[in-house]
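Only one structure is covered here, and it is reproduced in the block below.
The values are calculated or read from the model by the stated rules, or taken from the named source; none is laboratory data. No experiment lies behind these values; they were computed from the predicted model shown. Backbone-built Cβ (ideal geometry, glycine too); neighbour counts: all protein chains shown.
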Amino acid sequence: MTEVLVEPNDTARKLREYVRHNPDVRHDDYESDGVDPIQEACYVLSEAYFHARGGKDAGLEVYRIGWADVYDDADGAHWFLRDSDDRVIDLSLPSPADGHGIPWDRARHRAFITGYTPSNRTQDVLNALEITPPAASSGD
């Protein structure tokens with residue numbers, strides 16, 4: 001069974017709280033009334049956590065599940081991270097139990113839409129929380 005972490009540290013907690021209090025950081029396609037905003041912010045939460053932890057030097061890998069690859073009548077995608085111990089880090093889930101039933105093995109490793117440069121929404125979140133990502137190593 002895949003171990004799922006939803007709030008592995010204080011940085012994750014701060015990011016989740018920020019999204020809950022600022023739901024406008026979600027993409028316009030994912031705004032539903034009555035739903036915890038973190039559940040509709042997988043991309044920005046994954047990207048912000050990735051960069052806050054050091055980007056490519058963080059020991060985190062980016063993954064995406066394309067729902068159309070899993071279900072015939074689905075669209076959209078779900079973004080999350082894996083750490084060096086192959087644990088799923090998904091800040092958009094209310095609890096680890098909410099990760100049961102997600103087909104983690106159907107995910108594909110990839111870069112974010114903006115590559116390894118924070119998107120504008122992610123940079124706004126990092127700036128608002130005064131999170132300065134650690135400097136990347138110069139060896140590439």
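Across region 99-108, which residue is nearest to Glu3 (Cα to Cα) among those that are in a helix (DSSP H, G or I) and more than 15 Å from the chain's Cα centre (by Cα)? Walk me through it before giving the result.
Here is the first cut: in region 99-108, the residues in a helix (DSSP H, G or I) are 99, 104-106.
From what is left, the residues that are more than 15 Å from the chain's Cα centre (by Cα) are 105-106.
Numbers: Asp105: 12, Arg106: 16 Å.
Checked region 99-108; the qualifying residue nearest to Glu3 (Cα to Cα) is Asp105.
Those residues that are assigned to a loop (DSSP other than H, G, I, E, B), under 14 Å from the mean Cα position of the chain (by Cα) and farther than 16 Å from Gly54 by Cβ, I need them from region 118-132; list them, please. So that I can check it myself, show each step before the final result.
Just the residues of region 118-132 that are assigned to a loop (DSSP other than H, G, I, E, B), to begin with: 118-119, 129-132.
When the remaining residues are screened for being under 14 Å from the mean Cα position of the chain (by Cα), the result is 118-119.
Across region 118-132, the qualifying residue is only Ser119.
For Ser119, are the conditions met, namely being within 21 Å of Thr11 (Cα to Cα) and either free of Cβ contacts under 8 Å to residues at least 12 places away in the same chain or loosely packed, with under 12 Cβ neighbours inside 10 Å (or both)?
Considered against the rule, which asks whether it is within 21 Å of Thr11 (Cα to Cα) and either free of Cβ contacts under 8 Å to residues at least 12 places away in the same chain or loosely packed, with under 12 Cβ neighbours inside 10 Å (or both), Ser119 comes out as no.
Looking only at region 56-81, filter to residues that are aliphatic (A, V, I, L, M) and surrounded by 15 or more Cβ atoms within 10 Å (Cβ to Cβ); which one of those is nearest to Thr2 (Cα to Cα)?
Filtering region 56-81 for residues that are aliphatic (A, V, I, L, M) and surrounded by 15 or more Cβ atoms within 10 Å (Cβ to Cβ), the one nearest to Thr2 (Cα to Cα) comes out as Leu81.
Any idea which residue in region 59-81 is nearest to Pro37 (Cα to Cα), counting only those that are of a type in the set (Gly, Ala, Ser) and either part of a strand (DSSP E or B) or free of Cβ contacts under 8 Å to residues at least 40 places away in the same chain (or both)?
Here the answer is Ala77.
Name the single residue that is modelled with the lowest pLDDT among those in region 1-55 being part of a helix (DSSP H, G or I) and farther than 22 Å from Thr132 by Cα.
Residue satisfying both the conditions and the ranking: Tyr30.
Which numbered condition in (1) in a loop (DSSP other than H, G, I, E, B); (2) crowded, with 19+ Cβ neighbours inside 10 Å is the only one that Ser84 fails?
Failed condition: (2).
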